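Before any comments, here is the structure.
The values are calculated or read from the model by the stated rules, or taken from the named source; none is laboratory data. Given the structure is predicted, the values throughout are model-derived calculations rather than measurements. Every residue, glycine as well, gets a Cβ built from its backbone with ideal geometry; the counts of neighbours run over all protein chains shown. These accessible areas exclude ligands, DNA and RNA; they are computed on the full protein's heavy atoms, side chains included. Shrake-Rupley method; radii C 1.70, N 1.55, O 1.52, S 1.80 Å.
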Amino acid sequence: MSEKIIVIGENRDGTLRNVTFEAVAAAKKINPDAEIVGVICGAEDLANQGQELIYYGADRVITIQHDNLKTYTSEGFGQAVLAAVNEESPDGIVMGHTSIGKDLTPKLAAKLDSGLVSDAVDIENEGDQPAFVRPIYSGKAFEKKIITDGLTFVTIRPNNIPPLERDESRSGDVIAKDVDVTDIRTIIKDVIRKASEGVDLSEANVIVAGGRGVKNADGFKPLYELADVLGGAVGASRGACDAEYCDYALQIGQTGKVVTPDLYIAVGISGAIQHLAGMSNSKVIVAINKDPEANIFNIADYGIVGDLFDIIPKLIEEIKSVK
Amino acid sequence: MNIYVLLKRTFDTEEKIDVSNGRIEDESAEFIINPYDEYAVEEAINQRDAHGGEVTVVTVGDEESEKQLRTALAMGADKAVLINTEDDLEDGDQYTTAKILHAFFAEKEADLILAGNVAIDEASGQVGPRLAEALGIPFVTTITSLKIEDNTVTIEKDVEGDVEIVETSLPLLVTCQQGLNEPRYPSLPGIMKAKKKPLEELEIDDLDLEEDDVEQKTKTIDIYLPPEKEAGRVLEGDVDEQVKELVSLLKNEKKVL
């Protein structure tokens, strides 16, 4: 019998997140011959999302719809996903290393008495088994991990494993499964949307990050404009967060988020080792700083020495003109 | 209230990482309490001061971890427990650590367990949720506020920048996120007192565990440094020229626009 790998889907505002498609590609990397079974939970009708997951490479999708799955809770989603896992007895499980993935997968791993490799950025072959590459010490080093016993359970970092090409000629069953989701002890009373403006940091292809050099909260405005023009998200250094120019949710670094966008523009950031740990694996780094000695220039692909308040508006205009 | 903190000793964030023979060099490194665990210690102390009870910090590690446990005691924790695996286990993963902690907590009546949301070294963030699941208690990760009134617990949770207001009850495990509090520095009298506070040392057989019970499920087969990033190019000319050149490079050479 061939292997079976479950991909746990993640949706937001009615559509699947890109990282779910990346997880399908990861499952294919683990075993190109495996049957890939998507599992999607939610309170709304999930048939379209299931179909979309088929287009991106899943062979079959199980959807679980229940009123108690409207907002993610580890208990609600845990029960739903576990019901599917128990029914399918997969050889592997893959999910995105997102806020939800980080919360749900250790719980499932404990329940399944399984190992779990978190936050893989690549999957290689090591003899006849997959090896998972993951950053440690916030990207200051990498480790390669293998599974020595039981399930191949892994979460993947968004933005690192490219999804397969969407193919509308693919077909597969999308089957709704009834699961009774009960006894939830952690109730979500309210969600205060702070990040809804713009793109999520961990999935952003472009990040414009500000540091102390931005001087105050108002100084972040041009950065938001630049991010907007580029379709990216705004981040910050710890210095900027500590100085209350912006929320800690934006912090990038060893404490804070670790990001790997295609383009990282560091504005008024000196480049402390803790900050570099959070972003130095970005594909292209641009530094804008008035101090030519700033450490950030040592890891930037391109640097501009000068006043950010002079440079950013010009940069915005120039990008608009070539786009 | 019976409050516990899960604490890990980690490399100082200032440290550069050296690797030799597929292992991290740690001979000359400075070690600290994992920064996220510091939030957990601070919060535990504040909750104890508000509601009474006792704070116990627990670590799974080797005898070197005693230093970080003493620091937590100097901050204001009441007791410390070191589960020393140095002689019994060569290696382990998050499965191992969670199993050991589960055995430790099985006999305890913890009302509240706090941990960091992630350790800055291995960064798996698994141990807290794994332990809660094993103990059959609810957990909330990445919290930025914690209010306990009678048995009702109201939490603010960071979800990728959004804030969720979560209501739950004790017993409970939470993992702490930046923004929760400002960890205090140990005071001099605190440091003096810490020397006399109880620090219990256990080994896994004290928890009725054998090596096989906690055998890891995953294994690290190599560790290496990322490719050295070449120092970049600082653009020249006046601002307009630099901006033009930058955009052209990003568009045509790097193809990221």
Across segment A:144-163, what is the total count of residues that are aliphatic (A, V, I, L, M) and surrounded by fewer than 21 Cβ atoms within 10 Å (Cβ to Cβ)?
1
Name the one entry in B:Thr175, B:Thr168, B:Thr141 that is more than 7 Å from every other protein chain (Cβ to nearest Cβ) and either at positive phi or in a strand (DSSP E or B) (or both).
B:Thr175
Determine, yes or no, whether A:Ala277 is in a strand (DSSP E or B), closer than 22 Å to B:Ile120 by Cβ and touching a helix residue (DSSP H, G or I) at 6+ places or on another chain (Cβ under 6 Å).
no
Taking first residues from segment A:30-53 that are over 20 Å from A:Lys4 (Cα atoms) and second residues anywhere that are open to solvent by 30 Å² or more (accessible area, probe 1.4 Å) and of a type in the set (Ser, Thr, Tyr), the pairs with Cβ under 8 Å that are 6 or more apart or on different chains are A:Gln49/A:Thr15
From B:Lys193, B:Lys197, residue being open to solvent by 30 Å² or more (accessible area, probe 1.4 Å), touching a Leu at 6+ places or on another chain (Cβ under 6 Å) and either modelled with pLDDT of 95 or more or aliphatic (A, V, I, L, M) (or both)
B:Lys197
May I ask you to list the residues in segment B:137-154 that are open to solvent by 20 Å² or more (accessible area, probe 1.4 Å) and among the hydrophobic types (A, V, I, L, M, F, W, C)?
B:Ile137
For A:Ala300, the lone unmet condition from (1) at the interface with chain B (Cβ under 8 Å from one of its Cβ atoms); (2) surrounded by fewer than 24 Cβ atoms within 10 Å (Cβ to Cβ); (3) at pLDDT 90 or above is (2)
Can you tell me which residue among A:Ala131, A:Ala176, A:Ala109, A:Ala141 is open to solvent by less than 30 Å² (accessible area, probe 1.4 Å) and in contact (Cβ under 8 Å) with a residue 24 or more places away in the chain?
A:Ala109
Can you confirm whether segment A:135-145 contains a residue that is in the same structural domain as A:Val24 (by TED's automatic domain parsing), within 19 Å of A:Val37 (Cα to Cα) and under 24 Å from the mean Cα position of the chain (by Cα)?
no
Odd one out for A:Thr20, checked against (1) assigned to a strand (DSSP E or B); (2) of a type in the set (Ser, Thr, Tyr); (3) in contact with a Phe, Trp or Tyr (Cβ under 9 Å, 6 or more places away or on another chain)
(1)
Here are B:Ala134, B:Ala123, B:Ala106: which of them is away from chain A (no Cβ under 13 Å) and open to solvent by 20 Å² or more (accessible area, probe 1.4 Å)?
B:Ala106
